[in-house]
1. Being touching an Asp or Glu at 6+ places or on another chain (Cβ under 8 Å) and either more than 20 Å from residue 119 (Cα to Cα) or outside any helix (DSSP H, G or I) (or both) is the filter here; which residues of region 201-215 pass it?
2. Name the single residue, out of those in region 160-200 being open to solvent by 10 Å² or more (accessible area, probe 1.4 Å) and in contact with a Leu (Cβ under 7 Å, 6 or more places away or on another chain), that is farthest from the ligand (Cβ to nearest atom).
3. Could you list, in sequence order, the residues of region 207-234 that are among the charged types (D, E, K, R) and within 13 Å of the ligand (Cβ to nearest atom)?
4. Name the residues in region 221-234 that are in contact (Cβ under 8 Å) with a residue 60 or more places away in the chain and open to solvent by 10 Å² or more (accessible area, probe 1.4 Å), would you?
5. Quick check on region 76-97: of everything there that is open to solvent by 10 Å² or more (accessible area, probe 1.4 Å) and in a helix (DSSP H, G or I), which residue is nearest to the ligand (Cβ to nearest atom)?
6. Which one of the conditions (1) among the small types (Gly, Ala, Ser); (2) more than 17 Å from residue 196 (Cβ to Cβ); (3) assigned to a helix (DSSP H, G or I) does residue 180 fail to meet, given that it meets all the rest?
7. Please report, ordered by residue number, the strands (runs of 3 or more DSSP E) entirely within region 297-379 with at least 3 residues that are within 23 Å of residue 32 (Cβ to Cβ).
8. Scan region 235-270 residue by residue and report those that are more than 13 Å from the ligand (Cβ to nearest atom), open to solvent by less than 10 Å² (accessible area, probe 1.4 Å) and modelled with pLDDT of 95 or more.
Amino acid sequence: MSLNVTDRGRLNRFLEHLEESARVELGYPVAFDIDYKPLEPFLGYSLNNVGDPFASGHYRLNSHAFEREVLEFFAEMTQAPDGQWWGYVTNGGTEGNLYGMYLARELFPDGIVYFSRDSHYSVSKNLHFLGMRNIMIRSQPNGEMDYEDLRETVRIRRDATPIIFANIGTTMKEGRDDIGIIQGVLDELVMDKRYIHSDAALCGGYAAFLEPRPAWDFADGADSISISGHKFFASPIPCGIVLAKRGHVDRISHSVAYIGTRDTTISGSRNGFTPMVLWYAIRSLGVDGLRRRLHNAMAVADYAEREFRAAGIEAHRNRAALTVVFPRPAQAVCEKWQLAAAGDIAHIICMPHVTRAQVDALLQDILSERGRAAPGDPK
Ligand SMILES: *Cc1c(COP(=O)(O)O)cnc(C)c1O
């Protein structure tokens, strides 16, 4: 069994295309700096983590033991209540968000979900799947939820349990909703029953290392948290982590004879390779290595903001954010550097693989495109 020359050529060209594309990728929250090739031998097995990672099933070619260690690491990072949490490795942040909202719906069928306008595009879709009532809340200019609008909106619907979908790093501006403030708003309205989900797809990978620490985790009052594994943790295959308070999960799980374990996850067959990827990152870098990676990336974001401003480009950044927002440059620049743009703004995300040299090259491109545009030309 082998490929013919044409097909081999096709794969080689695709590899070159990937190498070239990776060199000019600054717009998306992915990272390329961790070498996972030592895990290659494990691609030789049909690893499948079907079922609950904490229960043993009939199928033995799983990496549940690694998955549990990964979850324990994230439980610590998110200050989960000792022994009173549960979770699994998902296919990505979206699945973790879906899981969190599913839990919330089962616990509070009468609930209304409040989420800010700057939430990820998948949130409305997830809520539509689940048939949950929901209301969009205004955002502040920095992407963070407008707590005044939240207060006014919840106040007139006091008969429905509030389910807050909080963003810990919005997609465009890396704005972080403050769960402490949200709790304060609900306390003031005497809404004792509540559910708070933390969409930490981007920042969950490093929020624990930020100073000051944002209010985002279980200690701050989250009921469930979703984190992406292919963002800060640089997994070459999309994946994520979802964690929730154990009591919530126990109320909705049930056993299935076919797999010999509890059916607690959204997907049936589950990726057994990605938990090994996350485990490898955690074990090879350790907390110190991860923290150092964040600090280096933060220094590049700092550099980008300063250089852009020095060149007369109005760049902005939330405090301790890797995302640098600036006026949308010419289309050719957005395309070359794979910049995400929305309306009149664009951003770069200084993930750990991004270098100062790349920032310089992007800045040069923006400036020379500007120089090229004749006065009066549309931007
Ligand atoms: C990336 C992201 C998501 C979606 O996560 P995936 O891992 O791509 O499924 C959701 N919310 C936020 C804030 C994100 O940054």
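The values are calculated or read from the model by the stated rules, or taken from the named source; none is laboratory data. Only a predicted model underlies this, so the values are computations on that prediction, with no experimental measurement involved. Cβ atoms come from the backbone with ideal geometry, glycine included; neighbour counts cover every protein chain shown. Surface accessibility is based on the protein's heavy atoms, side chains included, excluding ligands, DNA and RNA. Shrake-Rupley method; radii C 1.70, N 1.55, O 1.52, S 1.80 Å.
1. If the condition is that a residue be touching an Asp or Glu at 6+ places or on another chain (Cβ under 8 Å) and either more than 20 Å from residue 119 (Cα to Cα) or outside any helix (DSSP H, G or I) (or both), then 202, 208, 214, 215 are the ones that fit.
2. Selected residue: 194.
3. Matches in region 207-234: 231 only.
4. Hits for region 221-234 are 223, 230, 231.
5. Looking at residues that are open to solvent by 10 Å² or more (accessible area, probe 1.4 Å) and in a helix (DSSP H, G or I), I get 94.
6. Going through the list (1) among the small types (Gly, Ala, Ser); (2) more than 17 Å from residue 196 (Cβ to Cβ); (3) assigned to a helix (DSSP H, G or I), residue 180 breaks only (2).
7. Per the criteria, 323-327, 345-349.
8. 243, 244
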